[in-house]
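A.B. asks: This structure is in structure tokens; I'll ask about it shortly.
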Amino acid sequence: MTTWVIVIYLNIELDRNEVAVIYPKFYSLEAEKRERIINAALKEFARNGYEKASTNEMTKEADISKGSLFSYFNTKKELYLFLLDYVVEVIESIYDEVDWQETDLFERMRKIGLIKFKIYKKFPHAINFLKVAAHEDAGEVKAEIAETGRHLIADGLGRGYENIDWTKFREDMEREKMLNIITWTILSFAEQQRDRVESFEDLSLDLLREWDGYFDILKRCFYK
């Protein structure tokens with residue numbers, strides 16, 4: 001990532017306490033006010049992208065002064081990357097709820113899908129922000145977004161395939177090729193749904209039913 005007036009490296013694996021140290025003034029605010037500021041900024045960046053997003057609109061919706069916003073975050077870029085880190089934290093909270101004792105790959109993926117659905121419904125502004133960020137071309141933040149995306153994909157798939165019962169899989173096919181097909185299906189489906197949904201506030205259970213349909217096909221193909 002990059003360096004600003006205060007040297008800040010927002011590593012995507014920072015925990016909440018470390019972020020609080022970097023932004024002590026912001027984290028000294030009451031939780032309700034912090035959430036109001038975060039959601040106002042997420043919504044504005046999701047509506048207009050990085051370059052066109054207005055900090056005036058953010059402060060108006062958050063009911064704070066512009067001076068207050070920039071006393072918490074030195075620049076618009078710093079705010080954006082803080083939000084990117086916040087969204088990563090939201091996504092990674094999914095894995096806290098996963099039953100890692102489930103060794104059936106497709107059952108595990110189904111359960112992860114349900115947990116994701118609940119998280120997406122709970123934090124729609126964060127997921128809408130991430131959806132728009134995936135198409136962000138602003139040079140100031142493009143590299144950081146790409147790095148975050150690589151981390152989320154690698155981390156998610158890596159955890160998803162840990163401790164799997166491979167004895168359920170067919171032995172007449174190469175495991176690597178089977179996993180590649182499963183991975184491509186997961187990523188393509190996620191991208192398709194991301195682009196189809198206008199706002200994650202409107203997410204419906206139809207998505208989960210469609211998700212299950214693909215897994216049923218893959219299971220019939222690759223299980224004994």
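The values are calculated or read from the model by the stated rules, or taken from the named source; none is laboratory data. Bear in mind the structure is a predicted one, so any value in this text is a computation, not a measurement. Cβ coordinates were reconstructed from backbone atoms using ideal geometry, including for glycine residues, and neighbour counts include every protein chain displayed. All accessible areas refer to the heavy atoms of the entire protein, side chains included, with ligands and DNA or RNA removed. Shrake-Rupley method; radii C 1.70, N 1.55, O 1.52, S 1.80 Å.
A.B. asks: Which longest uninterrupted range of the chain lacks any GluC sites (Glu not before Pro) assigned by DSSP to a loop state (not H, G, I, E or B) and surrounded by at most 12 other Cβ atoms within 10 Å?
C.D. replies: 31-161
A.B. asks: Debye calculation, C-alpha points only, no solvent: report log10 I(q)/I(0) for region 16-222 at q = 0.08, 0.11 Å⁻¹, in the same order as the q values.
C.D. replies: Normalising to I(0) and taking log10 leaves -0.33, -0.60.
A.B. asks: Calculate the FRET efficiency for E171 and E92 from the Cβ-Cβ distance with a Förster distance of 41 Å, rounded to the nearest 0.05.
C.D. replies: Plugging the Cβ-Cβ distance into 1/(1 + (r/R0)^6) gives 0.75.
A.B. asks: Which percent of the accessible heavy-atom area of the chain goes to carbon and sulfur, probe 1.4 angstrom?
C.D. replies: 50
A.B. asks: Also, quick follow-up: Angle check, please: helix 142-160 long axis (alpha carbons) against the longest principal axis of the chain (alpha carbons), in degrees 0 to 90, nearest 10.
C.D. replies: 40
A.B. asks: Among rounded, prolate and oblate, which fits region 163-224 when a ≥ b ≥ c are the square roots of the eigenvalues of its C-alpha gyration tensor, a/c under 1.5 means rounded, and a/b larger than b/c means prolate?
C.D. replies: prolate
A.B. asks: Using a probe radius of 1.4 Å on heavy atoms only, what accessible surface per residue do you get for region 16-222? Whole Å² is fine.
C.D. replies: 53
A.B. asks: Under 8 Å for C-alpha pairs, at least 6 residues apart: give me the relative contact order for region 119-218, rounded to a whole percent.
C.D. replies: 50
A.B. asks: Using the alpha-carbon atoms, what tilt in degrees (0 to 90, nearest 10) does helix 175-196 show relative to the longest principal axis of the chain?
C.D. replies: The two axes meet at around 40 degrees.
A.B. asks: Label D216 and R34 with points 7 Å out from Cα along Cα→Cβ: what is the distance between them in nm?
C.D. replies: Label-label distance for D216 and R34, simple model: 4.4 nm.
A.B. asks: Output the 0 to 90 degree angle, nearest 10, between the alpha-carbon long axis of helix 105-122 and the longest principal axis computed from the alpha carbons of the chain.
C.D. replies: It is inclined by approximately 20 degrees.
A.B. asks: Using the Cα centre as the reference, give the magnitude of the dipole from point charges on the C-beta atoms of the chain (Lys, Arg: +1; Asp, Glu: -1; all else neutral), rounded to the nearest 20 debye.
C.D. replies: 320
A.B. asks: Tell me, what is the percent relative contact order of the chain, built from C-alpha pairs under 8 Å that lie six or more residues apart?
C.D. replies: 23
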